[in-house]
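Peer 1: For reference, the structure I am asking about is given below.
The values are calculated or read from the model by the stated rules, or taken from the named source; none is laboratory data. Remember, predicted model here, so these are calculated numbers, not experimental data. All Cβ positions, glycine included, derive from the backbone under ideal geometry; neighbour counts span all protein chains shown. To get the accessible areas, we keep the full protein, side chains included, count just its heavy atoms, and leave off ligands, DNA and RNA. Shrake-Rupley method; radii C 1.70, N 1.55, O 1.52, S 1.80 Å.
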Amino acid sequence: MRRVLFVPWSVMLRARTAPLDGRQGALARQVPRYLSLRLDERLDVEAQFAPYCSSEDEEAVFLVPGDKQSGEELREIGMRYDVDLVISGQSEFGDPAHVSLQFVEVASGVERERLVIGSLADGRLYLETLLGAVMEEVVPHAAAHTAAVSCEELSTEWAALAPFFCAIDRLMAMEIGAVEEDPRAPFELFFEALEHDPNWSDGADQLIGAALDYGLEGQGPMEVGIESLERMLLILPQQHKAWGALGYLYFQEEQPVKAITCLENCARLAPAEFASHHRLGAAYRQVGRHKEAIAVLQSGLLIDPDNIPMLIELGAALGESDRAAEAVPYFQRAVDLSPISGAFYGNLAVALKRCGRVAEAEEVFRAGMGAVDPHWNVYANYAIQLEETGRNIEWASVLFQGVQALVDQPDEREDLAERLVDGVRVWIAEGLPEDVARKGMNWAIGLLESLVELLPDCRSSRVVLAEFYRSEQRPERALECLHSVEAEDPDNVWLKIHIGSVLAGEERYEEATDRFRQALALDDGNQIAVFNLMLLAAMQNRYREALGYLDRYRELVPTDPDIGRLEALVEGAGNGEVE
């Protein structure tokens, strides 16, 4: 196989202006790039294009050199790219067009040149002539090479081809950071091409592709991609691909109503080519139009029965329509097609549970926990099923295993940890459930200690662990947990109140008072901080201080039915009677 490298051409002296004409430079890059793509379609040639010119300091520069490169320079480039032949040239795309092609054999250093002069009245014909000249040099012994030089996807209008190639050039330059300009600039060139040849379908397709790249690949602002497609549809309202692309971008932007309008137009204009059943069905589902969602997704599955996104979306739409039994086969098919995905097991198990097939659901949940690609869905929903049936030990175990498994999914991992912490916190207020009580308080404490070790960033687990320590008369361990959280969140009012409460319980009144004062400094209307400061002052017979906090408490909670008792307590402090 012959390996060929195209490099950007230089611009002939008479075609240059000061500064170098932008369009001539763009064409001197993009025409050889196009020729390389066409040549690479042959089975006996491997062609590539190097869009950069190396300067003396080896930095890649996206510019056309002012002077023609020597054969030796091109040979060195060819060695660097490990090719057999390097093709360069000089160009002037005027009337007529002149291209002086330069061919350098890398192994021998032999250099050949060919001059191709022609009219641009038919732009496609001139490029076919250029491609034919290249092929005669690259594959001279191919008898049928002249039969493979059609450029039928191009416009015949040079007035359309020139801005089209310039638009591609701008996009490439912006992608590598070689230029900084208005992201709308390439589209202005595409629209110029479209204006000169509105029937050129491949030119329109390139504009659509660029808009999608902006929206989906991050090559430019999403809004520019959307604006460009909207503008295109004002010119070509029957362009079904543009409607489909615009619907896709609206769907990604979470604008389902607009997505539906665009995708419906796409389907109406070209029903045989419509391939966005999943997105249209999902958009219908998002706005609550489940009947239409189900219909379009079923139609899509007739065309592509193993399309996993459509299977999942259809199952979800059926489930939300109280048709869980009908959803089961679709979710099952997704599991069969991709047994490594935990999410698919979760979907199937939830549908089975809704059908009352709880035992089967549990089997699927367990299978999902063993999937290669774990998913939050399995652990969260299995835990709900276990909690509903009072299996608290297993509930805690499933959530803990989920935290262990979802190492690469930090948000979902934290959610499972919070579910576990919130559930365990209830045990402090309501007492240990029967199955947990048989294990004992130390088991519950050990569970939280393991969670803290596994996920040290989960502050709530340390706070709840402190509550367990406190209930077990282990105040120092409780304070150790709370202080570690405070170091990370120094302005947390409720944390300071919590620490103050533990200190007060240990009769460390001065330290407790300091914590409650810190809380009040952060939130001067915090009635709990005021209440505790009043109690602490009264307990230490600091009458004036207690009276001041009592007045503040009356302002904050004027309807407290126990205000009389509090007044008596403060008066007792004034008489030195508070213990």
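Peer 1: Past the 14 angstrom mark, what percentage of all C-alpha to C-alpha distances in segment 373-416 do you count? Walk me through the numbers on the way to the answer.
Peer 2: Working: 376 of 946 pairs.
Taking all Cα-Cα pairs of segment 373-416, the fraction more than 14 Å apart is 40 percent.
Peer 1: Rg and Dmax of segment 444-579, using alpha carbons, in Å: what are they?
Peer 2: 16.7, 53
Peer 1: Is the shape of segment 167-223 rounded, prolate or oblate, going by the alpha carbon gyration tensor and its root eigenvalues a ≥ b ≥ c, with a/c under 1.5 for rounded and a/b larger than b/c for prolate?
Peer 2: Judged from the Cα gyration tensor, segment 167-223 comes out prolate (a/c at least 1.5, a/b above b/c).
Peer 1: Here's a follow-up. Projected onto the charge dipole of the chain (+1 at Lys/Arg Cβ, -1 at Asp/Glu Cβ, origin at the Cα centre), which of PRO309, GLY22, LEU495 gives the Cα projection farthest towards the positive end?
Peer 2: Result: PRO309, furthest along the dipole toward the positive end.
Peer 1: Using a 1.4 Å probe on the protein heavy atoms, what percent of the accessible area of the chain belongs to carbon and sulfur?
Peer 2: 49 percent
Peer 1: When only Cα pairs under 8 Å and 6 or more residues apart are kept, what is the percent relative contact order across segment 331-386?
Peer 2: The normalised contact order for segment 331-386 reaches 38 percent.
Peer 1: Could you point to the label whose value was computed as Rg/Rh (Cα atoms, Kirkwood Rh) for the structure here, given (i) 1.36; (ii) 0.95; (iii) 1.18?
Peer 2: From the options (i) 1.36; (ii) 0.95; (iii) 1.18, the structure gives (iii).
Peer 1: Size of segment 165-318 along its principal axes in angstrom, Cα-based, largest extent first?
Peer 2: 50, 31, 26
Peer 1: Counting only helical runs of four or more DSSP H residues, what would the 222 nm mean residue ellipticity of the chain come to if each run contributes -39,500 (n - 2.57) and the total is spread over all its residues?
Peer 2: -20500 deg cm²/dmol
Peer 1: Send over the per residue convex hull volume for segment 117-256, Cα only, as a whole number of Å³.
Peer 2: 137 Å³
Peer 1: Treating the beta-carbon of each Lys and Arg as +1 and of each Asp and Glu as -1, no other charges, what is the dipole magnitude of segment 404-494 about its Cα centre, to the nearest 20 debye?
Peer 2: Roughly 500 debye for segment 404-494.
Peer 1: So in the chain, what percent of DSSP beta bridges are antiparallel if you round to the nearest 5?
Peer 2: In the chain, approximately 60 percent of DSSP beta bridges are antiparallel ones.
Peer 1: Next up: Treating cross-link reach as a plain straight distance, find the lysines whose alpha-carbon is under 30 Å from the alpha-carbon of LYS291, omitting any fewer than eight places away in the same chain.
Peer 2: Of all the lysines, those that pass the test against LYS291 - Cα under 30 Å, at least 8 places apart if same chain - are LYS241, LYS258, LYS353.
Peer 1: Here is a follow-up. How much accessible area per residue does the chain have, counting only protein heavy atoms and a probe of 1.4 Å, in square angstrom?
Peer 2: About 48 Å² of surface per residue is accessible.
Peer 1: If I model a spin label as a point 7 Å beyond the Cα along the Cα-Cβ vector, how far apart are those points for ASP562 and ILE303 in nm?
Peer 2: Label-label distance for ASP562 and ILE303, simple model: 6.9 nm.
Peer 1: Calculate the dipole size of the chain relative to its Cα centre from +1 charges on Lys and Arg beta carbons and -1 charges on Asp and Glu beta carbons; express the result in debye to the nearest 20.
Peer 2: Numbers: 51 positive and 99 negative charges, 233 e Å.
Once rounded to the nearest 20, the dipole reads 1120 debye.
Peer 1: Here is a further query. With axes computed from alpha carbons, what is the tilt in degrees of helix 475-488 against the longest principal axis of the chain, rounded to the nearest 10 within 0 to 90?
Peer 2: 30 degrees
Peer 1: Can you tell me the orientation of helix 543-556 relative to the chain, as the angle in degrees between its alpha-carbon axis and the longest Cα principal axis, to the nearest 10?
Peer 2: Long axis of 543-556 versus the principal axis of the chain: about 60 degrees.
Peer 1: Shifting gears a bit: Using Cα pairs closer than 8 Å and at least 6 residues apart in sequence, work out the relative contact order for the chain, in percent.
Peer 2: Reported relative contact order: 5 percent.
Peer 1: Which is farthest toward the positive dipole end of segment 402-451 among VAL421, VAL407, TRP443, measuring Cα position about the Cα centre, with Cβ charges +1 (Lys, Arg) and -1 (Asp, Glu)?
Peer 2: It is TRP443, whose Cα lies furthest towards the positive end.
Peer 1: Using the Cα gyration tensor of segment 300-395, with a ≥ b ≥ c the square roots of its eigenvalues, what is the shape: rounded (a/c below 1.5), prolate (a/b larger than b/c) or oblate (neither)? Working shown, then result.
Peer 2: Values: a/c = 2.62, a/b = 1.54, b/c = 1.70.
Oblate, since a/c reaches 1.5 and b/c is not below a/b.
Peer 1: Once the Cβ-Cβ distance between GLU230 and GLU46 is put in as r, and R0 is 35 Å, what FRET efficiency do you end up with, to the nearest 0.05?
Peer 2: The computed FRET efficiency comes out at 0.30.
Peer 1: For a Förster distance of 45 Å, can you work out the FRET efficiency between the beta-carbons of GLU453 and GLU320, rounded to the nearest 0.05?
Peer 2: Working: r = 40 Å, r/R0 = 0.88.
Computed FRET efficiency for GLU453 and GLU320: 0.70.
Peer 1: Calculate how steeply helix 308-320 sits against the longest principal axis of the alpha-carbon atoms of the chain, using the helix alpha-carbon long axis, and give the answer as 0 to 90 degrees to the nearest 10.
Peer 2: 40 degrees
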